[in-house]
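What follows is a single structure, written as structure tokens, with notes after it.
Computed from the coordinates by the stated procedures, all read-outs in this text should not be read as laboratory data. Predicted model only: the values in this text are computed from it and were never measured. Virtual Cβ from ideal backbone geometry, glycine too; neighbours counted across all protein chains shown.
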Amino acid sequence: MKPHILMLFLDGVGLGDDVPHNPFAVADLPTLHSLSNGKRWLRDVGIQRTARSLLIPTDAQMGVSGLPQSGTGQATIITGRNIPHLIGEHYGPKPNQATRDLLDEDNFFKRVIRHGKTASLLEAYPPQWHKGINSGKSLPSSYQYALQSAGIRFLDEADLRAGRALSGDWTGEGWRTQLGYTDMPILTPFEAGVRLVELSRGHDFAFFAHWLTDVIGHRGTIAEATTLLTTFDGVMSGVLSVWDDDEGVVIITSDHGNIEDIGNRHHTANRVPTVIIGDQKDVFDDIDTLADIAGRMGQILGI
Ligand SMILES: [Zn+2]
């Protein structure tokens, strides 16, 4: 098998302080800690290397004043360019015209397609979301816009029911409780992790975005944040149980801090955790900012 990439993007996850309102300080996260030599994902974690993984605290500020935002942060990850610097500000949550122009110019989804390879966004969106996007009434986020710009289709309810997609909350619970699809199949976090890997194997580049971390960071409680990270820990135990380290790399990263400082309803300027899992992890060993990731992904895919 040629190496492939599974990127697990978490919105609003930074490296914060060892305080009671940081879920990374208080939650029991054995799987995440297995990726960082038992150390908690805090401000002082430093670079951590294990046999399987590499953790690098990554700069989301990128020399631009103001608090990092999703529109420009995601666009930076997916283009490999310092988008806030190029447009003169951190902007979000949705991309503005200047950011969309840069995403149209080039982005990693486009690059993959141009080289005759395949890419997919693994989460399914409900019918009302598709309606909003297709009618132009709602704006896609930067990674969604990048996908659209590359001519790749968004997955939907039918894909989710057939097991060809995952729910944005991993388990599918949100489709039942928030969207009213009371018969939607539910996965355990572990099963969701296994499915993420299985689905990623059908593509050279598979992207999965989880945005609840940012929502809880803006208006959630420490209990909700801790529960969410515990779910993610379960997802990662599923991922690690089936991922072969010689099949490519799994990348966890984020666009800016937020959930690590519960009670402060704004984003933070903290570094974010980037974790690379797989035999080729050292390709990423000199990354420093969010703009450094896409180029290394290109190296992995040979594009
Ligand atoms: Zn936010």
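For region 243-263, which residues satisfy the criterion of being of a type outside the set (A, V, I, L, M), touching a residue at least 24 places away in the same chain (Cβ under 8 Å) and either out of contact with any Gly (no Cβ under 9 Å at 6 or more places or on another chain) or in a loop (DSSP other than H, G, I, E, B) (or both)? Across region 243-263, the qualifying residues are W243, D245, D246, E247, T253, D255, H256, N258, E260, D261, G263. Just one of the numbered conditions (1) among the charged types (D, E, K, R); (2) away from the ligand (no atom under 15 Å from the Cβ); (3) more than 23 Å from L15 (Cβ to Cβ) is not true of D59: (3). Just so you know, in region 144-163 the residues that are within 18 Å of the chain's Cα centre (by Cα) and part of a helix (DSSP H, G or I) include one that is surrounded by the fewest Cβ atoms within 10 Å (Cβ to Cβ), and it is Q148. If you go through region 72-97 and keep only what is within 16 Å of the ligand (Cβ to nearest atom), out of contact with any strand residue (DSSP E or B) (no Cβ under 9 Å at 6 or more places or on another chain) and closer than 30 Å to W243 by Cα, you end up with just A75. Residues that are among the hydroxyl-bearing types (S, T, Y), part of a loop (DSSP other than H, G, I, E, B) and within 27 Å of T118 (Cα to Cα) within region 164-223 comprise just one, T171. Has region 271-289 got at least one residue that is surrounded by fewer than 23 Cβ atoms within 10 Å (Cβ to Cβ), part of a helix (DSSP H, G or I) and of a type in the set (A, V, I, L, M)? Scanning region 271-289, I find at least one residue that is surrounded by fewer than 23 Cβ atoms within 10 Å (Cβ to Cβ), part of a helix (DSSP H, G or I) and of a type in the set (A, V, I, L, M), so the answer is yes.
Here's a check for you: in region 179-214, which residue that is touching a Gly at 6+ places or on another chain (Cβ under 8 Å) and of a type in the set (V, I, T) is nearest to L122 (Cα to Cα)? I'd like the intermediate steps shown before the answer.
Quick first cut of region 179-214, residues touching a Gly at 6+ places or on another chain (Cβ under 8 Å) only: 184-197, 209-214.
If we keep only those that are of a type in the set (V, I, T) too, we end up with 186, 188, 194, 197, 213.
Details: I186: 16, T188: 17, V194: 13, V197: 10, T213: 18 Å.
Looking at the filtered set, the residue picked out is V197.
Do you know which of the residues in region 188-233 that are more than 16 Å from the ligand (Cβ to nearest atom) and acidic (D, E) is surrounded by the most Cβ atoms within 10 Å (Cβ to Cβ)?
So the first thing to find is which residues in region 188-233 are more than 16 Å from the ligand (Cβ to nearest atom), and the list is 188-208, 221-223, 226-227, 229-233.
Remaining after also requiring acidic (D, E): 191, 198, 204, 233.
Details: E191: 18, E198: 11, D204: 23, D233: 20.
Checking each candidate, the answer is D204.
Selection of helices (runs of 4 or more DSSP H) fully inside region 19-132 by the criterion of at least 3 residues being more than 20 Å from the chain's Cα centre (by Cα) returns 83-87, 97-105.
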